[in-house]
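Asks: Pasting in a structure now, in C-alpha coordinates, and then I'll have a few things to ask.
The values are calculated or read from the model by the stated rules, or taken from the named source; none is laboratory data. Please read all numbers here as calculations on a predicted model, not as lab measurements. Backbone-built Cβ (ideal geometry, glycine too); neighbour counts: all protein chains shown. Just so you know, the surface numbers come from the protein's heavy atoms only, side chains and all, with ligands and any DNA or RNA stripped out. Shrake-Rupley method; radii C 1.70, N 1.55, O 1.52, S 1.80 Å.
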Amino acid sequence: MTGSTRVTDEAENMRIVITGMGAVSPYGAGVPALLGALAEGRSAIRPIEDFDTAGCACTHGARVPQGSLAALTGSNNLRRAPRGTQYTMLATEEALQMAGHGPSTWNPERVGVFLGTYRANAEVSQEIWHRIITSEPRFVQPLLFQETVTNAVASALSIRWGWRGTNYAISAGNACGFQVLALAAQALRSGRADAIIASTFDLITAATHYDMNDIGVLSDSNVSRPFDSRRDGFIMGEGAAVVVLETLASARARGATPLAEIAGLGVAHDGHGFGTHHPEGRGLASAMSQALRGAAVSPEAVDYIAAASNSTQSLDRAEVAALRTVLGAAAGTVPLSSLKALTGEAEAASDMFNLLACIGAVRGGGLPLQVGTEQPEFGLNLVRQPQAPRPVRAALAHSYSFGGSAGAALVRAL
(Lines give C-alpha, C1' and ligand atoms only; values in the text may rest on other atoms or scores of the structure.)
Protein backbone atom coordinates (compact mmCIF):
# COMPACT_ATOMS: atom_id res chain seq x y z
CA MET A 1 0.00 0.00 0.00
CA THR A 2 1.42 3.38 -0.94
CA GLY A 3 1.52 6.25 1.47
CA SER A 4 -1.08 8.25 -0.45
CA THR A 5 -3.47 5.28 -0.52
CA ARG A 6 -3.07 4.78 3.22
CA VAL A 7 -3.84 8.45 3.88
CA THR A 8 -6.93 8.22 1.66
CA ASP A 9 -8.18 5.10 3.47
CA GLU A 10 -7.67 6.72 6.87
CA ALA A 11 -9.51 9.85 5.76
CA GLU A 12 -12.45 7.85 4.43
CA ASN A 13 -12.65 5.94 7.71
CA MET A 14 -13.28 9.28 9.44
CA ARG A 15 -16.05 10.44 7.08
CA ILE A 16 -19.61 9.51 8.07
CA VAL A 17 -22.14 8.95 5.30
CA ILE A 18 -25.84 8.12 5.09
CA THR A 19 -26.57 5.08 2.94
CA GLY A 20 -30.28 4.70 3.74
CA MET A 21 -33.15 6.68 5.22
CA GLY A 22 -36.71 5.93 6.23
CA ALA A 23 -39.65 7.73 7.77
CA VAL A 24 -43.15 7.38 9.12
CA SER A 25 -44.55 10.89 9.37
CA PRO A 26 -47.89 12.69 9.57
CA TYR A 27 -47.98 12.15 5.79
CA GLY A 28 -47.85 8.36 6.16
CA ALA A 29 -45.11 5.85 5.44
CA GLY A 30 -42.03 6.70 3.42
CA VAL A 31 -39.46 9.42 2.89
CA PRO A 32 -40.91 10.41 -0.53
CA ALA A 33 -44.27 11.19 1.10
CA LEU A 34 -42.57 13.40 3.69
CA LEU A 35 -40.19 15.28 1.41
CA GLY A 36 -42.79 15.71 -1.33
CA ALA A 37 -45.29 17.27 1.05
CA LEU A 38 -42.66 19.58 2.58
CA ALA A 39 -41.60 20.87 -0.84
CA GLU A 40 -45.26 21.51 -1.71
CA GLY A 41 -45.93 23.27 1.60
CA ARG A 42 -48.78 20.86 2.34
CA SER A 43 -49.72 20.91 6.03
CA ALA A 44 -50.35 17.71 7.99
CA ILE A 45 -52.01 19.60 10.84
CA ARG A 46 -55.68 18.74 11.28
CA PRO A 47 -58.32 18.41 14.04
CA ILE A 48 -57.63 15.60 16.51
CA GLU A 49 -60.41 13.03 16.30
CA ASP A 50 -59.21 9.91 18.15
CA PHE A 51 -59.21 11.39 21.65
CA ASP A 52 -61.29 14.05 23.34
CA THR A 53 -59.69 17.50 23.36
CA ALA A 54 -62.52 19.12 25.33
CA GLY A 55 -61.11 21.76 27.65
CA CYS A 56 -58.05 22.35 25.48
CA ALA A 57 -57.65 25.59 23.60
CA CYS A 58 -55.59 23.67 21.03
CA THR A 59 -57.61 20.95 19.32
CA HIS A 60 -55.28 20.18 16.40
CA GLY A 61 -52.27 17.94 15.86
CA ALA A 62 -50.16 16.39 13.11
CA ARG A 63 -50.89 12.70 13.58
CA VAL A 64 -49.71 9.72 11.56
CA PRO A 65 -52.72 8.61 9.46
CA GLN A 66 -53.48 5.09 10.63
CA GLY A 67 -55.14 3.96 7.42
CA SER A 68 -51.94 4.53 5.46
CA LEU A 69 -50.07 1.96 7.55
CA ALA A 70 -52.69 -0.78 7.86
CA ALA A 71 -51.35 -3.02 5.07
CA LEU A 72 -47.75 -2.52 6.13
CA THR A 73 -48.28 -3.30 9.79
CA GLY A 74 -50.34 -6.36 8.89
CA SER A 75 -47.72 -7.77 6.56
CA ASN A 76 -44.97 -7.29 9.12
CA ASN A 77 -46.82 -8.80 12.07
CA LEU A 78 -46.80 -5.44 13.84
CA ARG A 79 -50.49 -5.03 14.55
CA ARG A 80 -50.08 -5.83 18.25
CA ALA A 81 -46.94 -3.73 18.72
CA PRO A 82 -47.12 -0.24 20.26
CA ARG A 83 -47.25 2.58 17.74
CA GLY A 84 -43.71 3.71 18.50
CA THR A 85 -42.40 0.26 17.64
CA GLN A 86 -44.54 0.07 14.51
CA TYR A 87 -43.39 3.42 13.18
CA THR A 88 -39.70 2.91 13.93
CA MET A 89 -39.61 -0.60 12.52
CA LEU A 90 -41.32 0.45 9.30
CA ALA A 91 -38.93 3.39 8.90
CA THR A 92 -36.00 1.04 9.52
CA GLU A 93 -37.20 -1.37 6.83
CA GLU A 94 -37.32 1.49 4.32
CA ALA A 95 -33.84 2.71 5.31
CA LEU A 96 -32.32 -0.78 5.09
CA GLN A 97 -33.84 -1.39 1.68
CA MET A 98 -32.38 1.88 0.43
CA ALA A 99 -28.99 0.98 1.92
CA GLY A 100 -28.95 -2.32 0.03
CA HIS A 101 -29.10 -4.40 3.19
CA GLY A 102 -29.14 -8.19 2.89
CA PRO A 103 -28.58 -11.18 5.21
CA SER A 104 -24.80 -10.99 4.80
CA THR A 105 -24.27 -7.24 4.42
CA TRP A 106 -22.71 -6.75 7.85
CA ASN A 107 -21.47 -8.91 10.70
CA PRO A 108 -24.41 -8.79 13.17
CA GLU A 109 -22.00 -8.16 16.05
CA ARG A 110 -20.82 -4.98 14.34
CA VAL A 111 -24.22 -3.36 13.77
CA GLY A 112 -25.40 -0.94 16.45
CA VAL A 113 -28.81 0.55 17.12
CA PHE A 114 -28.78 4.07 18.57
CA LEU A 115 -32.23 5.53 19.28
CA GLY A 116 -33.44 8.82 20.69
CA THR A 117 -36.87 9.55 22.12
CA TYR A 118 -38.19 12.26 24.37
CA ARG A 119 -41.13 10.35 25.83
CA ALA A 120 -40.59 6.69 24.76
CA ASN A 121 -43.81 4.65 24.40
CA ALA A 122 -45.91 7.16 26.34
CA GLU A 123 -49.10 5.68 24.94
CA VAL A 124 -48.43 2.35 26.69
CA SER A 125 -47.71 4.09 30.00
CA GLN A 126 -50.93 6.06 29.61
CA GLU A 127 -52.92 2.86 29.11
CA ILE A 128 -51.34 1.17 32.13
CA TRP A 129 -51.90 4.10 34.47
CA HIS A 130 -55.47 4.55 33.24
CA ARG A 131 -56.26 1.00 34.28
CA ILE A 132 -54.49 1.37 37.63
CA ILE A 133 -56.24 4.63 38.44
CA THR A 134 -59.63 3.20 37.49
CA SER A 135 -59.03 0.26 39.87
CA GLU A 136 -58.47 -2.28 37.14
CA PRO A 137 -54.79 -3.19 37.67
CA ARG A 138 -55.58 -6.88 37.22
CA PHE A 139 -56.42 -6.16 33.57
CA VAL A 140 -52.96 -4.73 32.84
CA GLN A 141 -51.05 -7.21 30.72
CA PRO A 142 -47.73 -7.89 32.50
CA LEU A 143 -45.79 -7.80 29.24
CA LEU A 144 -46.91 -4.22 28.64
CA PHE A 145 -44.48 -2.94 31.29
CA GLN A 146 -41.48 -3.91 29.18
CA GLU A 147 -42.78 -1.59 26.45
CA THR A 148 -42.61 1.46 28.75
CA VAL A 149 -38.84 1.47 29.23
CA THR A 150 -36.82 3.90 27.12
CA ASN A 151 -34.92 1.18 25.27
CA ALA A 152 -37.97 -0.93 24.31
CA VAL A 153 -38.01 0.16 20.66
CA ALA A 154 -34.23 0.02 20.25
CA SER A 155 -34.25 -3.52 21.59
CA ALA A 156 -37.12 -4.46 19.26
CA LEU A 157 -35.02 -3.40 16.27
CA SER A 158 -32.01 -5.46 17.33
CA ILE A 159 -34.21 -8.48 18.03
CA ARG A 160 -36.05 -8.17 14.70
CA TRP A 161 -32.84 -8.17 12.62
CA GLY A 162 -30.58 -10.14 14.95
CA TRP A 163 -28.09 -7.32 15.47
CA ARG A 164 -25.76 -7.85 18.41
CA GLY A 165 -23.74 -4.66 18.50
CA THR A 166 -24.14 -1.73 20.88
CA ASN A 167 -27.77 -0.88 21.60
CA TYR A 168 -28.38 2.63 22.99
CA ALA A 169 -31.57 4.47 23.81
CA ILE A 170 -31.24 8.01 25.09
CA SER A 171 -33.50 10.89 26.01
CA ALA A 172 -32.14 14.41 25.84
CA GLY A 173 -35.26 16.43 25.19
CA ASN A 174 -36.20 17.50 21.69
CA ALA A 175 -32.55 17.51 20.59
CA CYS A 176 -31.71 13.88 21.34
CA GLY A 177 -31.60 12.96 17.65
CA PHE A 178 -28.35 14.90 17.32
CA GLN A 179 -26.99 13.22 20.46
CA VAL A 180 -27.69 9.92 18.70
CA LEU A 181 -25.85 11.05 15.57
CA ALA A 182 -22.84 12.24 17.58
CA LEU A 183 -22.59 8.93 19.48
CA ALA A 184 -22.98 6.99 16.24
CA ALA A 185 -20.21 8.95 14.55
CA GLN A 186 -17.89 8.23 17.48
CA ALA A 187 -18.65 4.51 17.33
CA LEU A 188 -18.00 4.32 13.59
CA ARG A 189 -14.80 6.36 13.64
CA SER A 190 -13.39 4.34 16.52
CA GLY A 191 -13.93 1.11 14.59
CA ARG A 192 -16.40 -0.31 17.12
CA ALA A 193 -19.09 -0.78 14.45
CA ASP A 194 -19.46 -1.16 10.70
CA ALA A 195 -22.98 0.32 10.60
CA ILE A 196 -25.25 2.20 12.97
CA ILE A 197 -29.03 2.31 12.68
CA ALA A 198 -29.74 5.80 14.04
CA SER A 199 -33.38 6.54 14.79
CA THR A 200 -35.80 8.76 16.67
CA PHE A 201 -39.50 8.62 17.45
CA ASP A 202 -42.13 10.38 19.53
CA LEU A 203 -45.93 10.24 19.71
CA ILE A 204 -48.94 12.40 20.44
CA THR A 205 -51.10 11.01 23.24
CA ALA A 206 -54.02 12.47 25.14
CA ALA A 207 -51.76 12.85 28.18
CA THR A 208 -48.94 14.65 26.35
CA HIS A 209 -51.38 16.89 24.50
CA TYR A 210 -53.14 17.94 27.72
CA ASP A 211 -49.78 18.37 29.45
CA MET A 212 -48.47 20.75 26.79
CA ASN A 213 -51.81 22.57 26.67
CA ASP A 214 -51.88 23.03 30.44
CA ILE A 215 -48.41 24.59 30.59
CA GLY A 216 -49.42 27.03 27.87
CA VAL A 217 -47.08 26.16 25.00
CA LEU A 218 -49.69 24.98 22.47
CA SER A 219 -51.28 27.33 19.97
CA ASP A 220 -54.64 28.79 21.02
CA SER A 221 -55.34 29.58 17.37
CA ASN A 222 -54.52 26.05 16.14
CA VAL A 223 -51.95 27.49 13.74
CA SER A 224 -48.18 27.02 13.74
CA ARG A 225 -46.48 30.26 12.64
CA PRO A 226 -42.70 29.98 13.03
CA PHE A 227 -40.90 33.34 13.07
CA ASP A 228 -44.23 35.20 12.73
CA SER A 229 -44.99 38.15 15.00
CA ARG A 230 -48.42 36.58 15.77
CA ARG A 231 -47.08 33.16 16.87
CA ASP A 232 -48.80 31.83 19.97
CA GLY A 233 -47.46 28.32 20.49
CA PHE A 234 -46.91 25.06 18.68
CA ILE A 235 -48.98 22.17 17.39
CA MET A 236 -47.89 18.69 18.42
CA GLY A 237 -46.68 16.20 15.82
CA GLU A 238 -45.42 12.63 15.82
CA GLY A 239 -43.60 9.98 13.82
CA ALA A 240 -40.30 8.16 13.44
CA ALA A 241 -37.28 8.49 11.21
CA VAL A 242 -34.18 6.38 10.64
CA VAL A 243 -30.85 6.74 8.88
CA VAL A 244 -28.24 4.06 8.19
CA LEU A 245 -24.78 5.41 8.95
CA GLU A 246 -21.43 4.02 7.80
CA THR A 247 -17.96 5.34 7.15
CA LEU A 248 -17.29 6.33 3.57
CA ALA A 249 -14.64 3.60 3.39
CA SER A 250 -17.12 0.94 4.56
CA ALA A 251 -19.84 2.07 2.15
CA ARG A 252 -17.47 2.04 -0.82
CA ALA A 253 -16.01 -1.33 0.14
CA ARG A 254 -19.42 -2.96 -0.14
CA GLY A 255 -20.43 -1.04 -3.26
CA ALA A 256 -23.09 1.11 -1.60
CA THR A 257 -23.99 4.54 -2.95
CA PRO A 258 -23.95 7.15 -0.16
CA LEU A 259 -26.85 9.60 -0.16
CA ALA A 260 -24.94 12.38 1.60
CA GLU A 261 -22.25 13.01 4.17
CA ILE A 262 -22.69 14.15 7.76
CA ALA A 263 -19.66 16.41 7.60
CA GLY A 264 -20.01 18.11 10.97
CA LEU A 265 -21.86 17.53 14.23
CA GLY A 266 -22.37 19.53 17.38
CA VAL A 267 -24.17 18.93 20.68
CA ALA A 268 -24.39 21.24 23.67
CA HIS A 269 -26.47 22.40 26.63
CA ASP A 270 -27.04 26.02 27.47
CA GLY A 271 -26.93 25.47 31.27
CA HIS A 272 -29.69 28.04 31.67
CA GLY A 273 -32.92 26.61 33.10
CA PHE A 274 -35.92 24.34 32.64
CA GLY A 275 -38.84 25.35 30.46
CA THR A 276 -37.03 28.19 28.72
CA HIS A 277 -34.16 28.87 26.36
CA HIS A 278 -31.12 30.99 26.98
CA PRO A 279 -32.08 34.42 25.56
CA GLU A 280 -28.97 34.50 23.37
CA GLY A 281 -29.43 30.89 22.23
CA ARG A 282 -26.17 29.93 23.89
CA GLY A 283 -26.60 26.16 23.60
CA LEU A 284 -27.72 26.23 19.97
CA ALA A 285 -24.95 28.65 19.01
CA SER A 286 -22.38 26.25 20.47
CA ALA A 287 -23.84 23.24 18.65
CA MET A 288 -23.98 25.03 15.29
CA SER A 289 -20.44 26.35 15.68
CA GLN A 290 -19.18 22.83 16.40
CA ALA A 291 -20.92 21.48 13.30
CA LEU A 292 -19.48 24.17 11.01
CA ARG A 293 -15.97 23.75 12.44
CA GLY A 294 -16.14 19.99 12.10
CA ALA A 295 -17.11 20.31 8.45
CA ALA A 296 -14.64 23.17 7.82
CA VAL A 297 -17.52 25.13 6.29
CA SER A 298 -17.86 28.89 6.46
CA PRO A 299 -21.22 30.50 7.27
CA GLU A 300 -21.41 31.83 3.70
CA ALA A 301 -21.15 28.29 2.31
CA VAL A 302 -24.35 27.08 4.01
CA ASP A 303 -27.04 26.81 1.33
CA TYR A 304 -30.08 25.85 3.42
CA ILE A 305 -31.10 25.60 7.09
CA ALA A 306 -33.80 23.31 8.52
CA ALA A 307 -34.70 25.38 11.56
CA ALA A 308 -35.75 24.45 15.09
CA SER A 309 -38.52 27.05 15.41
CA ASN A 310 -41.82 25.68 16.66
CA SER A 311 -43.84 28.92 16.84
CA THR A 312 -43.12 29.74 20.50
CA GLN A 313 -41.83 33.13 21.59
CA SER A 314 -38.89 31.76 23.58
CA LEU A 315 -37.49 29.35 20.98
CA ASP A 316 -37.86 31.70 18.01
CA ARG A 317 -35.99 34.54 19.72
CA ALA A 318 -33.26 32.25 21.02
CA GLU A 319 -32.79 30.57 17.66
CA VAL A 320 -32.54 33.85 15.78
CA ALA A 321 -29.98 35.12 18.30
CA ALA A 322 -27.93 31.95 17.83
CA LEU A 323 -28.11 32.21 14.04
CA ARG A 324 -26.85 35.79 14.13
CA THR A 325 -24.04 34.88 16.53
CA VAL A 326 -22.80 31.98 14.40
CA LEU A 327 -23.60 33.08 10.85
CA GLY A 328 -23.22 36.83 11.11
CA ALA A 329 -24.57 38.61 8.04
CA ALA A 330 -25.33 35.25 6.39
CA ALA A 331 -28.12 34.73 8.94
CA GLY A 332 -30.28 37.06 6.86
CA THR A 333 -29.46 35.58 3.46
CA VAL A 334 -29.28 31.79 3.72
CA PRO A 335 -32.59 30.11 2.75
CA LEU A 336 -34.30 28.80 5.87
CA SER A 337 -37.56 27.12 6.86
CA SER A 338 -39.10 25.36 9.82
CA LEU A 339 -40.79 22.06 9.03
CA LYS A 340 -42.87 22.35 12.20
CA ALA A 341 -45.33 24.68 10.51
CA LEU A 342 -46.28 21.59 8.47
CA THR A 343 -45.44 18.57 10.64
CA GLY A 344 -46.00 20.03 14.09
CA GLU A 345 -43.51 19.75 16.93
CA ALA A 346 -42.71 16.03 16.73
CA GLU A 347 -40.11 16.33 19.50
CA ALA A 348 -37.26 13.82 18.91
CA ALA A 349 -38.73 12.80 15.55
CA SER A 350 -38.41 16.40 14.35
CA ASP A 351 -34.62 16.14 14.66
CA MET A 352 -34.49 13.41 12.04
CA PHE A 353 -37.20 15.04 9.91
CA ASN A 354 -34.89 18.08 9.72
CA LEU A 355 -31.96 15.83 8.83
CA LEU A 356 -33.96 14.11 6.08
CA ALA A 357 -35.00 17.49 4.69
CA CYS A 358 -31.33 18.47 4.45
CA ILE A 359 -30.42 15.18 2.78
CA GLY A 360 -33.19 15.79 0.27
CA ALA A 361 -31.94 19.33 -0.33
CA VAL A 362 -28.34 18.33 -1.10
CA ARG A 363 -29.66 15.61 -3.40
CA GLY A 364 -31.46 18.13 -5.56
CA GLY A 365 -34.94 18.02 -4.03
CA GLY A 366 -37.09 21.05 -3.43
CA LEU A 367 -36.59 23.05 -0.25
CA PRO A 368 -39.33 22.75 2.38
CA LEU A 369 -41.66 25.73 2.24
CA GLN A 370 -42.26 28.03 5.18
CA VAL A 371 -46.04 28.23 5.47
CA GLY A 372 -48.18 30.05 8.01
CA THR A 373 -45.67 32.88 8.38
CA GLU A 374 -47.39 35.92 6.93
CA GLN A 375 -45.91 38.61 9.19
CA PRO A 376 -42.20 37.68 9.51
CA GLU A 377 -40.54 39.30 12.51
CA PHE A 378 -36.81 38.70 12.20
CA GLY A 379 -35.57 39.54 8.71
CA LEU A 380 -34.68 35.97 7.78
CA ASN A 381 -34.62 34.59 4.22
CA LEU A 382 -37.62 32.31 4.67
CA VAL A 383 -38.46 29.88 1.86
CA ARG A 384 -42.02 31.14 1.39
CA GLN A 385 -42.44 30.32 -2.32
CA PRO A 386 -41.39 27.32 -4.42
CA GLN A 387 -37.97 28.00 -5.84
CA ALA A 388 -36.33 26.94 -9.07
CA PRO A 389 -33.93 24.03 -8.50
CA ARG A 390 -30.59 25.34 -7.25
CA PRO A 391 -27.45 23.54 -6.16
CA VAL A 392 -27.35 22.90 -2.42
CA ARG A 393 -23.91 21.68 -1.40
CA ALA A 394 -24.21 22.17 2.37
CA ALA A 395 -27.34 22.18 4.54
CA LEU A 396 -27.60 22.67 8.29
CA ALA A 397 -30.16 20.86 10.47
CA HIS A 398 -30.54 21.76 14.11
CA SER A 399 -32.74 21.51 17.19
CA TYR A 400 -33.06 23.32 20.51
CA SER A 401 -35.04 21.80 23.36
CA PHE A 402 -36.86 23.32 26.30
CA GLY A 403 -34.44 22.60 29.11
CA GLY A 404 -31.36 23.60 27.12
CA SER A 405 -30.22 20.62 25.02
CA ALA A 406 -29.16 21.57 21.50
CA GLY A 407 -27.75 19.78 18.47
CA ALA A 408 -26.76 20.45 14.88
CA ALA A 409 -25.59 18.51 11.83
CA LEU A 410 -23.97 19.84 8.65
CA VAL A 411 -25.04 17.69 5.70
CA ARG A 412 -22.90 17.83 2.58
CA ALA A 413 -23.43 16.55 -0.95
CA LEU A 414 -21.06 13.85 -2.22
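Asks: Of the residues that sit in the stretch 194-209 and are open to solvent by less than 10 Å² (accessible area, probe 1.4 Å), modelled with pLDDT of 95 or more and in contact with a Ser or Thr (Cβ under 9 Å, 6 or more places away or on another chain), which one is farthest from residue 343 (Cα to Cα)?
Replies: 195
Asks: Now for a separate question. Could you grab the pairs with beta carbons closer than 7 Å, sequence gap of 6+ or different chains, first residue in the stretch 231-258 and open to solvent by 30 Å² or more (accessible area, probe 1.4 Å), second one part of a loop (DSSP other than H, G, I, E, B) and of a type in the set (Gly, Ala, Ser)?
Replies: Close Cβ pairs (under 7 Å, with a partner that is part of a loop (DSSP other than H, G, I, E, B) and of a type in the set (Gly, Ala, Ser)) amount to 232/219; 232/221.
Asks: A further question follows. Scanning the stretch 372-382 for residues that are assigned to a loop (DSSP other than H, G, I, E, B) and touching a residue at least 60 places away in the same chain (Cβ under 8 Å), which turns out most open to solvent (accessible area, probe 1.4 Å)? Step through it out loud before you land on a result.
Replies: Restricting attention to the stretch 372-382, the residues satisfying the condition of being assigned to a loop (DSSP other than H, G, I, E, B) are 372-375, 377-380.
Next cut, touching a residue at least 60 places away in the same chain (Cβ under 8 Å) only: 372-375, 377-378, 380.
Details: 372: 29, 373: 5, 374: 128, 375: 89, 377: 82, 378: 31, 380: 31 Å².
The qualifying residue most open to solvent (accessible area, probe 1.4 Å) is 374.
Asks: For the stretch 175-193, what are the residues that are under 27 Å from residue 82 (Cα atoms) and open to solvent by 10 Å² or more (accessible area, probe 1.4 Å)?
Replies: Just the residues of the stretch 175-193 that are under 27 Å from residue 82 (Cα atoms), to begin with: 175-181, 183-184.
179, 183, listed by residue number.
Asks: I've got another one for you. For residue 153, state whether it is among the hydrophobic types (A, V, I, L, M, F, W, C), at pLDDT below 95 and assigned to a loop (DSSP other than H, G, I, E, B).
Replies: Working: among the hydrophobic types (A, V, I, L, M, F, W, C): yes; at pLDDT below 95: yes; assigned to a loop (DSSP other than H, G, I, E, B): no.
It is false that residue 153 is among the hydrophobic types (A, V, I, L, M, F, W, C), at pLDDT below 95 and assigned to a loop (DSSP other than H, G, I, E, B).
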